Amino acid sequence: MAKITVEGEEPFEVEAGKKLVLGIEDAGIDILHRCGGQMLCTTCRVEVLEGEVPPMSDEEREGLEEPELIEKYRLSCQIRVAGDLTVRVAKRSSEQGIPPGPRPDD
């Protein structure tokens, strides 16, 4: 199990291999995601503050498009938890006033 800390929230544990977006959502944190984990909307962005994540895929890079987004963010639907992480959620459903989209696949 990995310890995940979302800035401003209580830490929680996620099993290795689980998508970060699902771990965050399952912990009751209202991360915005709209496309079901297909890298189309890029609303599930997180800033990785501490910890290691796998390198960004070409598809994820294309989804983020803009150099300033690529430098700062990762898509939580594309990160499989491998170890302890501290992240900042870029967009929350409650702040945007819209509900999350379909739950991403495991």
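Residue check: GLY83 meets all listed conditions (1) part of a loop (DSSP other than H, G, I, E, B); (2) under 14 Å from ARG103 (Cβ atoms) but one, namely (2).
For segment 69-84, does any single residue satisfy the condition of being buried (at least 17 other Cβ atoms within 10 Å of the Cβ) and among the small types (Gly, Ala, Ser)? Yes: one or more hits.
Considering every residue within segment 24-43, establish whether at least one is assigned to a helix (DSSP H, G or I), under 9 Å from the mean Cα position of the chain (by Cα) and surrounded by 15 or more Cβ atoms within 10 Å (Cβ to Cβ). Yes, that holds for at least one residue.
The residue list PRO54, PRO99 contains one member that is within 14 Å of the chain's Cα centre (by Cα) and more than 14 Å from THR5 (Cα to Cα), which is PRO54.
If the condition is being under 18 Å from GLU25 (Cα atoms) and acidic (Asp, Glu), then segment 51-106 contributes ASP84, GLU95, ASP105, ASP106.
Taken together, the values in this text are just the output of simple stated rules run on the coordinates, not laboratory data. Since this is a predicted model, take the numbers as computed values, not measurements. Reconstructed Cβ throughout: ideal geometry from the backbone, glycine too, with neighbour counts over all protein chains shown.
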